[in-house]
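Okay, handing you the structure first.
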Amino acid sequence: MAISSRLDTARVLATVLLPTLAKGVIVRRPGVMAAAEKVQSDTRAIDAMRRLRDRYGPEPVRLRITGRSVAVLVDPTDVGRLLAGSPEPFALATKEKKAALKHFQPHGVLISEGPERDRLRRLNERALRPENVPAEAIVRDEADLLTRHVMSTGELTWEAFNQAWWRIARRIVLGSGARGDDQLTDDLKALRQNANWAFLHPKQRDLRERFQRRLDEHLARREEGSLAAQPGDLSGHVPHWLFAFDAAGIVTLRALAIGARGMNGILESARLWPTTPVILRESTIATRWHGTWLPENTEFVVFTPFFHRDPDRLPFADRYAPEIWDEPRDPAIVPFSAGPGECPGRDLVLTTAATMLDTLSEHLALPALSAPLPGTLNHFGIRMPAQPTGTRVS
């Protein structure tokens, strides 16, 4: 069995896991992201994971953590197996995930189990189909407004992009009646900031109730042309849909920064800088790996930046490589997770993000980062000088 030394456990905690937590797993912290970009913390973490694999071999590496069985995956085939085997024998609803998400979506599918999870998963899959909303029309409407703003200021910034993106998200999810409700998503952001601390932050019941009342008022309209018009009780799921749109916005702006286009461009942005840097699963039974048994209730850790940008395995690790999405891929390149736990809104997110990417690119000439691309890219600090293209590309 591969059991890391105490020194190697400390290195993984200090270089890989703690910096990831510090940046904010549920919502990113601007100050920490700026510092992480300065020292290129993800590159350091990837290097630490490469050393771990080289020292201990391909089997999961158990960390020396008192009272817990925690195993870090280093083999891409193992990642494929883990994700395909969810929720049995590898449960999605880990202790850490439950503690975090209960701050703002205590009844969501991600922390549900058994038959209830199956029911909620089906509800999400039905509701989040791209054909249920005119996402492309909504995006083009808001992208045109953003383009005019950028042309007047001469640069595209995260702040301007994010304001337009949240208007898109609220319209898609709740309808045009929620377009200007910044308070709703500001309250959700505050709850998600609490969720960053998981067990360590007390629940703000008053804030949670205020957010829920405001959300339920929008949902009660069941506005035609929005996800809110879909059948079923959606109240417990919409917080996560909005949460997911936040990550999609980050991916889209980073895609603009590398000159990406289309859905493959969005997928590449999410490969290069995963918005879910750590995937967790918890075993419900003892499981066998490379001839070694790991006990029930082992927590498995997948550090996605390592698998997405391992230069020993991927010749395209640090460059923009949209062509990889047109062919069979490494099983550990999973920007939307994989298996039964794959993001049910994947197609809707890709449609929305790619439309935003392509619409802005049609109207704005923006500089693009060149290879090798940085391991850490702080989206808060992106400021791109912009000029009108003068022509429209079909």
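Every residue in the range 1-60 that is hydrophobic (A, V, I, L, M, F, W, C), under 17 Å from D78 (Cβ atoms) and open to solvent by 60 Å² or more (accessible area, probe 1.4 Å), please.
M1, I3
May I ask you to list pairs of residues, at least six apart or on different chains, whose Cβ atoms are under 7 Å apart, with the first in the range 54-65 being at pLDDT 95 or above and the second being assigned to a loop (DSSP other than H, G, I, E, B) and open to solvent by 70 Å² or more (accessible area, probe 1.4 Å)?
Hits for this filter: P58/H290; E59/H290; R62/M1.
Suppose we filter E113, E136, E125, E131 for residues that are open to solvent by 20 Å² or more (accessible area, probe 1.4 Å) and in contact with a strand residue (DSSP E or B) (Cβ under 9 Å, 6 or more places away or on another chain); which single one remains? Show your work before the answer.
Values: E136 fails: in contact with a strand residue (DSSP E or B) (Cβ under 9 Å, 6 or more places away or on another chain); E125 fails: in contact with a strand residue (DSSP E or B) (Cβ under 9 Å, 6 or more places away or on another chain); E131 fails: in contact with a strand residue (DSSP E or B) (Cβ under 9 Å, 6 or more places away or on another chain).
The match here is E113.
Out of the residues in the range 66-79 that are open to solvent by 50 Å² or more (accessible area, probe 1.4 Å) and polar (S, T, N, Q), which is modelled with the lowest pLDDT? Spell out the reasoning first.
Going through the range 66-79, the residues open to solvent by 50 Å² or more (accessible area, probe 1.4 Å) turn out to be 66-68, 77.
Cutting the leftovers down to polar (S, T, N, Q) gives us 66, 77.
On the way: T66: 92, T77: 97.
So, considering only residues that are open to solvent by 50 Å² or more (accessible area, probe 1.4 Å) and polar (S, T, N, Q), the one modelled with the lowest pLDDT is T66.
Next up: Among the listed residues D358, D310, identify the single one that is touching a residue at least 12 places away in the same chain (Cβ under 8 Å) and open to solvent by 20 Å² or more (accessible area, probe 1.4 Å). Break it down stepwise before answering.
Working: D310 fails: open to solvent by 20 Å² or more (accessible area, probe 1.4 Å).
Only one candidate qualifies: D358.
Just wondering, is there one or more residues in the range 268-279 that are acidic (D, E), in contact with a helix residue (DSSP H, G or I) (Cβ under 7 Å, 6 or more places away or on another chain) and on the phi < 0 side of the Ramachandran plot? Step through it out loud before you land on a result.
Residues of the range 268-279 that are acidic (D, E), as a first pass: 268.
Narrowing the set further to residues that are in contact with a helix residue (DSSP H, G or I) (Cβ under 7 Å, 6 or more places away or on another chain) leaves 268.
Applying the additional criterion that residues be on the phi < 0 side of the Ramachandran plot yields 268.
Yes, the range 268-279 contains a residue that is acidic (D, E), in contact with a helix residue (DSSP H, G or I) (Cβ under 7 Å, 6 or more places away or on another chain) and on the phi < 0 side of the Ramachandran plot.
Report yes if A260 is among the aliphatic types (A, V, I, L, M) and open to solvent by 50 Å² or more (accessible area, probe 1.4 Å), otherwise no.
Working: among the aliphatic types (A, V, I, L, M): yes; open to solvent by 50 Å² or more (accessible area, probe 1.4 Å): no.
In short, no.
Here is a further query. Consider only pairs whose beta carbons are under 9 Å apart and that are at least six residues apart or on different chains; among these, list those whose first residue lies in the range 169-194 and is on the phi > 0 side of the Ramachandran plot and whose second residue is outside any helix (DSSP H, G or I) and crowded, with 20+ Cβ neighbours inside 10 Å.
Matching pairs, first to second residue: G175/S226.
Hey, another quick one. From the list L348, L294, L369, which residue is touching a helix residue (DSSP H, G or I) at 6+ places or on another chain (Cβ under 6 Å), in contact (Cβ under 8 Å) with a residue 40 or more places away in the chain and either more than 30 Å from T147 (Cβ to Cβ) or crowded, with 21+ Cβ neighbours inside 10 Å (or both)?
Numbers: L294 fails: touching a helix residue (DSSP H, G or I) at 6+ places or on another chain (Cβ under 6 Å); L369 fails: either more than 30 Å from T147 (Cβ to Cβ) or crowded, with 21+ Cβ neighbours inside 10 Å (or both).
Answer to the selection: L348.
Quick one: A255 ticks every box in (1) small (G, A, S); (2) at pLDDT 95 or above; (3) surrounded by fewer than 20 Cβ atoms within 10 Å (Cβ to Cβ) except a single one, so which number is it?
So the condition that A255 fails would be (3).
Now for a different question. Counting only residues that are part of a helix (DSSP H, G or I) and open to solvent by 30 Å² or more (accessible area, probe 1.4 Å), how many does the range 139-165 have?
Let us first name the residues in the range 139-165 that are part of a helix (DSSP H, G or I), namely 139-153, 158-165.
From the residues that got through so far, the ones that are open to solvent by 30 Å² or more (accessible area, probe 1.4 Å) too are 140-141, 144-145, 148-149, 151-153, 159, 162-163.
Residues that pass the stated criteria total 12.
If you check D233, D246, D206, D216, which single one turns out to be out of contact with any Asp or Glu (no Cβ under 6 Å at 6 or more places or on another chain), closer than 20 Å to R346 by Cβ and either open to solvent by 40 Å² or more (accessible area, probe 1.4 Å) or charged (D, E, K, R) (or both)?
Working: D233 fails: closer than 20 Å to R346 by Cβ; D206 fails: closer than 20 Å to R346 by Cβ; D216 fails: closer than 20 Å to R346 by Cβ.
Exactly one residue qualifies, and that residue is D246.
A follow-up question, please. Going residue by residue through the range 263-280, is there one that turns out to be over 18 Å from the mean Cα position of the chain (by Cα) and buried (at least 21 other Cβ atoms within 10 Å of the Cβ)? First the steps, then the outcome.
Taking the range 263-280 as the starting set, the residues that turn out to be over 18 Å from the mean Cα position of the chain (by Cα) are none.
Checked the range 263-280: no residue is over 18 Å from the mean Cα position of the chain (by Cα) and buried (at least 21 other Cβ atoms within 10 Å of the Cβ).
Identify, by number, the condition in (1) open to solvent by less than 60 Å² (accessible area, probe 1.4 Å); (2) at pLDDT 95 or above that E323 doesn't meet.
Only one criterion is unmet by E323, namely (1).
The values are calculated or read from the model by the stated rules, or taken from the named source; none is laboratory data. Just so we're clear, the structure is a prediction, and the values are computed from it rather than from any experiment. Backbone-built Cβ (ideal geometry, glycine too); neighbour counts: all protein chains shown. Calculation scope for accessible area: heavy atoms of the full protein, side chains included, ligands and nucleic acids excluded. Shrake-Rupley method; radii C 1.70, N 1.55, O 1.52, S 1.80 Å.
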